[in-house]
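Notes follow the structure.
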């Protein structure tokens, strides 16, 4: 952006894009089966009208505007319209239960809210008596809302239409809009993102608009994004990953954000759009690989053989080719054939044909999973950042990709390792504190301005940052052996049959774990092996299923035995949980991360059983359904003992 | 539209008798369906509920009795006439084209509304194309309404049962009927699918003012959905009233519990 002064707010970036990329698409949405697109200049017109409409509903500078829903163009415009007026957008997770929404709206003191549909309106209405300052709610989809009391409810189309009407009738409004835009400065809070938080209530991360834009400009230069890139927005609107990497980057680079028709059509929409840029947490890649493996298991013997051969070939040579290293000609030829018969068709089926840059972040990715996607020729890279960072601490440059690191530091980011191994950083976009929570802010930021990540890690000689685990989670067995739970869990979760794993061992004699089966993969296996079951619970408790998982645990133990540092942390006992870990029960965060401490408390009885000699244990667990009702699931769970594998060092001795 | 339950009579059956050989499937059944209401037909197995629907849309010819539809009287209805005049139905055992996609199945619901002939359709040009676009738009509205975007291109035979039922409802809606006959729309569904289906039925009724007659076994569903309930037992009408009243009726309780009464 050398042609003019860099804008210091996102609405100013929008007006700039409306001039320099006027006719290029800015947003797309598949609606009624057709991709509809809006150009940058159209989006600017809509946002202007929207801002006028919001102002007439009473939204003023400094007030909070809550946004709840899935990835929809009009909800993205809601950010811009609020920022235009100097109000602060606060996105919330669409799948939050009413209570969680009530807490955040109340904590943020939301003045207005825009929501996608009836489901969200219902949630707000349930908690509305806790929200005295919430003056009005705008909804995008009118379905089902016809008979609601419209005292404080407004359809979005009406707000936009009234804005357009007002702009047409009162020419003076244009000047007022320009003045409002010019009032925005680099010191405005451009967004407050509530982090899902692995512990306690969510905290509101405040980001300043000038800092944010400075950080975005670095990341755009890093991966050379232009207005010609394409992205499909499918991750939660309220997640930093979507807000920073999709929305903010799109505004700076001018690329088009496409919104899927519904959550269920993401895969199909990926194929139609063919994004050049993709971002997903490891879980998404895991799901894709599981689905692929399951589909291939159902294919004919010939196809299966071809798939196996070329995937094994890619695992040996694919990464070397992608990293630009020298390989013999016959390997290159064979890989080219593999591209033709397996890799490209597979990438096409996943919607990855045109991917130029893909990232995984948010959690450590299993090395096998990571190299699978790289080996078939997809430029998947790792990055590391937090909501508090605004964008990234570290990121892997093309040809600098390794499975065990999260990359080198981003420009203008400083990192230091605290005495206890915790990674601390200072970044150009970093947050200014948690909203209305000075105490938590003081805990998170050191007096000299570094942000504590809570992650343990180290910088190696090449300047790559390694993240091992949450610093509070890294522990030791009683005999002093290192115990990094996530490291073990990731190894387990690479098996498609294991959906979730939680390892225990800190301060104990040996390592144990709780496992969740993957219903798709294990269900499919059960069907092919005549394992009769009537429910998830029955399948999870089936002897043959437990034996199947024991094989996987054995394989992980053999893997752990290879490294002297991890050989002591082999899994001695495990059990298969009778219910799926679920965010509604508080066991996972909304971004599907395991809440280890909570699980340890909730399943204390099971954990104790793992460390006593018993062979079975009775479990009764309370569950919360989506509508808030509660129920109990009980089961008798078997515990499986594993023989530890001798460490390599011992074998040699 | 006025209050749903107080609308004028859209369809009435009067003293319908239906016999298969020696079996008396229906004897002297009379009831009416008012414009804009949701009317439930309930009863134990073999009570004659499906036979009644078949009489209404012309699959069966009654031995005696009269059907009044929009003020006209018929001694029998014909399926083609019924379909052209705004009576659509779904079946107890899903009756879709299993090899065709969801989209194509819904498009068949528009067949009666296509005006261009076979050769125009073959050309797929000019007026025929305009017409196809218009019908496709109507079908896309239904796809959006029923939230089945993700299965638009999936052959119906590959879908789970609950979704097939939803597609069948979609095809019935595609004909833009005045009266929708639903034969056990919730059988074989889990709780969540049932709740979805209830939501769709209520929305169809409220949003498009469509009149609905449905056969259902789940009493909870009947209580929640319908304005009035007619109860059949061994081919006879034993009650006809608001759901809350019908539930208390000793004759109905006896019929359901099998007590000789």
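What the table shows:
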{"item": "Positions within the stretch A:115-126 being in contact with a helix residue (DSSP H, G or I) (Cβ under 9 Å, 6 or more places away or on another chain) and either buried (at least 18 other Cβ atoms within 10 Å of the Cβ) or within 14 Å of another protein chain (Cβ to nearest Cβ) (or both), in sequence order", "result": "A:115, A:116, A:120, A:122, A:123, A:124"}
{"item": "Tally of residues being under 15 Å from the mean Cα position of the chain (by Cα) and over 19 Å from residue B:166 (Cβ atoms) across the stretch B:214-225", "result": "1"}
{"item": "Unique residue being away from chain A (no Cβ under 14 Å), within 26 Å of residue B:160 (Cα to Cα) and either within 20 Å of the chain's Cα centre (by Cα) or not in a helix (DSSP H, G or I) (or both) when the list is B:96, B:112", "result": "B:96"}
{"item": "Residue match in the stretch A:559-572 (condition: part of a strand (DSSP E or B), in the same structural domain as residue A:636 (by TED's automatic domain parsing), more than 21 Å from residue A:371 (Cβ to Cβ) and touching a residue at least 60 places away in the same chain (Cβ under 8 Å))", "result": "yes"}
{"item": "Residue A:501 being buried (at least 17 other Cβ atoms within 10 Å of the Cβ), out of contact with any strand residue (DSSP E or B) (no Cβ under 7 Å at 6 or more places or on another chain), assigned by TED's automatic domain parsing to the domain that holds residue A:601 and without any contact (Cβ under 8 Å) to a residue 60 or more places away in the chain", "result": "no"}
{"item": "The stretch B:208-222, residues that are out of contact with any strand residue (DSSP E or B) (no Cβ under 9 Å at 6 or more places or on another chain) and at pLDDT 85 or above", "result": "B:209"}
{"item": "Within the stretch A:139-157, considering residues that are away from chain B (no Cβ under 14 Å) and in contact (Cβ under 8 Å) with a residue 40 or more places away in the chain, the one farthest from the chain's Cα centre (by Cα)", "result": "A:154"}
{"item": "Elements of type helices (runs of 4 or more DSSP H) in the stretch A:293-383, at least 1 residues being without any contact (Cβ under 8 Å) to a residue 24 or more places away in the chain", "result": "A:301-322, A:329-338, A:344-350"}
{"item": "Scope the stretch A:561-584; condition out of contact with any helix residue (DSSP H, G or I) (no Cβ under 8 Å at 6 or more places or on another chain) and under 28 Å from residue A:543 (Cβ atoms); matching residues", "result": "A:572, A:582"}
{"item": "Subset tally (residues that are in contact with a strand residue (DSSP E or B) (Cβ under 8 Å, 6 or more places away or on another chain), closer than 21 Å to residue A:183 by Cβ and part of a helix (DSSP H, G or I)) for the stretch A:82-106", "result": "2"}
{"item": "Residue that is nearest to residue B:166 (Cα to Cα) [pool: residues in the stretch B:121-146 that are touching a residue at least 12 places away in the same chain (Cβ under 8 Å) and within 13 Å of another protein chain (Cβ to nearest Cβ)]", "result": "B:146"}
{"item": "From B:211, B:187, B:175, residue being closer than 28 Å to residue B:80 by Cα, touching a residue at least 40 places away in the same chain (Cβ under 8 Å) and surrounded by fewer than 19 Cβ atoms within 10 Å (Cβ to Cβ)", "result": "B:187"}
{"item": "Lone qualifier among A:260, A:275, A:236 - being within 14 Å of chain B (Cβ to nearest Cβ) and buried (at least 20 other Cβ atoms within 10 Å of the Cβ)", "result": "A:260"}
{"item": "Lone qualifier among A:15, A:6 - being away from every other protein chain (no Cβ under 14 Å), out of contact with any strand residue (DSSP E or B) (no Cβ under 8 Å at 6 or more places or on another chain) and modelled with pLDDT under 95", "result": "A:6"}
{"item": "Qualifying position, being farther than 22 Å from residue A:264 by Cβ, more than 14 Å from chain A (Cβ to nearest Cβ) and either part of a helix (DSSP H, G or I) or touching a helix residue (DSSP H, G or I) at 6+ places or on another chain (Cβ under 7 Å) (or both), among B:202, B:169, B:181", "result": "B:181"}
{"item": "Elements of type strands (runs of 3 or more DSSP E) contained in the stretch A:199-287, each with 3 or more residues being at positive phi, over 19 Å from the mean Cα position of the chain (by Cα) and outside the structural domain of residue A:95 (by TED's automatic domain parsing)", "result": "none"}
{"item": "Top-ranked residue of the stretch B:147-159 - restricted to ones that are loosely packed, with under 15 Cβ neighbours inside 10 Å and more than 10 Å from chain A (Cβ to nearest Cβ), ranked as nearest to residue B:107 (Cα to Cα)", "result": "B:157"}
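The values are calculated or read from the model by the stated rules, or taken from the named source; none is laboratory data. This one's a predicted model, so the numbers in the text were calculated from it and none came from an experiment. Using ideal geometry, Cβ is built from the backbone for each residue, glycine included, and neighbour counts are taken over all protein chains shown.
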